[in-house]
Structures are given as C-alpha cells and as structure tokens.
C-alpha cells in the first residue's frame, strides 16, 4: 500500500478532532416529537483502521426485528438520569460493554423513525479492542463491524428499490457482505460519515 493510501485511511488519529466537533450542541432541526430513545454509535481501532460496530437485532423483538442497528433503546425515566445513560445502559444489556469502558465523544443530531415513532438520540463513543462482548440472545443475534473507509467507498452505499407495505420505494443502504444497513441506522451512519469527511477535508 502506498504512503498516500495509508494516510487517507481513517485511524484513531481523527478522534481528537471528532471529539472537538461533537462538543458543540447538534444543530437545531424540525425533528417531530416521538418516544425518547438513545443509541451508542461505537467506534474502535483495529490494525490502525477505524471501525464502526453494529448489531443485528433478534427476530423475536417487537420493533425492527432482524435489522442492523446500533445498541440502544427506549429512555426509562426511573432508571436513566439522562439520554446518555440510556445509551450506555442498553449497550451493556445488549452486548456486555461496561459504561466505564466507553469513551463518549459527543452526540449527533436526533432522528425520528416514522414507523415506530421513536426519537433516537445517537451518542458516539470509543470502545476498546479487542473486547469480550457478551451479546444478549434475546435482543442481539450478531455483532459485526465495518471499517469506516469501507463505508465511505462509493460501492458500499447503494440506493435500491424495495417493496415496503405494498409499495416500491427507493431505499438508501450500505451493503457489507451479507449485512444491509438501512433505515434509522443508515441515517445515523451517514451523519457520522459526513462529519468524518469534513474533518478529513479540513485536515
């Protein structure tokens, strides 16, 4: 690999700038109200390359079963003092990552899911690698990761025609092997990737 190719790869070197970029409050938006929820967008470095970690939801779950997602869930006011606490609690429950092992960089803008009426608050955090995950089989059927560079490659992001609720609609996806990232997880991923592109351009 050439020196130029190596320098274009995303590594942990970008994390201080990402933390600084996420320190500012997310931009105001006209996001409709919904059921408060939060997810962790986990990053880690392996072999000098930055990865995003995803889960595949269990087929037994009531919402978004079998879909690729980030660990997270509904805000429980009695259990969670903040939305960040929700994201960390759910991450530990779903994949066994202790809150103390997450270096939280900041928050992305919330997004709304029209199908389930959730208002999802994404928090970006760095986790150690390697890590002894303990997936909850009732919630998670698989844990996998994708290099940020792969997600940024034009061949990974594809718009497809899907039949949903009897209608053929365009759906934006990221495809990696057998995994298809779409919906709210795609939107959160795209928001983070756009920010990383900007940080690389400004470097």
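The values are calculated or read from the model by the stated rules, or taken from the named source; none is laboratory data. Note that the structure is a prediction, hence the values are computed from the model and not measured. Because the Cβ atoms are built from the backbone with ideal geometry, glycine has one as well, and the counts that use them run over all protein chains shown.
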Legend entry - Restricting the stretch 74-111 to residues that are outside any helix (DSSP H, G or I), free of Cβ contacts under 8 Å to residues at least 60 places away in the same chain and touching a strand residue (DSSP E or B) at 6+ places or on another chain (Cβ under 6 Å), the residue that is surrounded by the most Cβ atoms within 10 Å (Cβ to Cβ): 75
Inset, instruction - Tell me, yes or no, whether the stretch 3-11 has at least one residue that is in a strand (DSSP E or B), surrounded by 11 or more Cβ atoms within 10 Å (Cβ to Cβ) and modelled with pLDDT of 90 or more. - result: no
Legend entry - Flag for residue 22 being under 20 Å from residue 88 (Cβ atoms), in a strand (DSSP E or B) and modelled with pLDDT of 90 or more: no
Legend entry - Meets criteria (surrounded by fewer than 17 Cβ atoms within 10 Å (Cβ to Cβ) and not in a strand (DSSP E or B)) for residue 135: no
Inset, instruction - Would you mind stating whether residue 116 is modelled with pLDDT under 95, within 20 Å of residue 189 (Cα to Cα) and surrounded by fewer than 19 Cβ atoms within 10 Å (Cβ to Cβ)? - result: yes
Inset, instruction - Would you check if there is a residue in the stretch 59-69 being surrounded by 15 or more Cβ atoms within 10 Å (Cβ to Cβ), part of a strand (DSSP E or B) and in contact with a strand residue (DSSP E or B) (Cβ under 8 Å, 6 or more places away or on another chain)? - result: yes
Legend entry - Residue list for the stretch 150-184, restricted to those being within 22 Å of residue 11 (Cα to Cα), surrounded by 14 or more Cβ atoms within 10 Å (Cβ to Cβ) and out of contact with any helix residue (DSSP H, G or I) (no Cβ under 8 Å at 6 or more places or on another chain): 150, 175
Inset, instruction - Look through 99, 42, 130 and report the one residue that is touching a helix residue (DSSP H, G or I) at 6+ places or on another chain (Cβ under 9 Å), modelled with pLDDT of 95 or more and more than 23 Å from residue 191 (Cα to Cα). - result: 99
Inset, instruction - Any chance you could count how many residues in the stretch 112-123 are outside any strand (DSSP E or B) and touching a strand residue (DSSP E or B) at 6+ places or on another chain (Cβ under 8 Å)? - result: 2
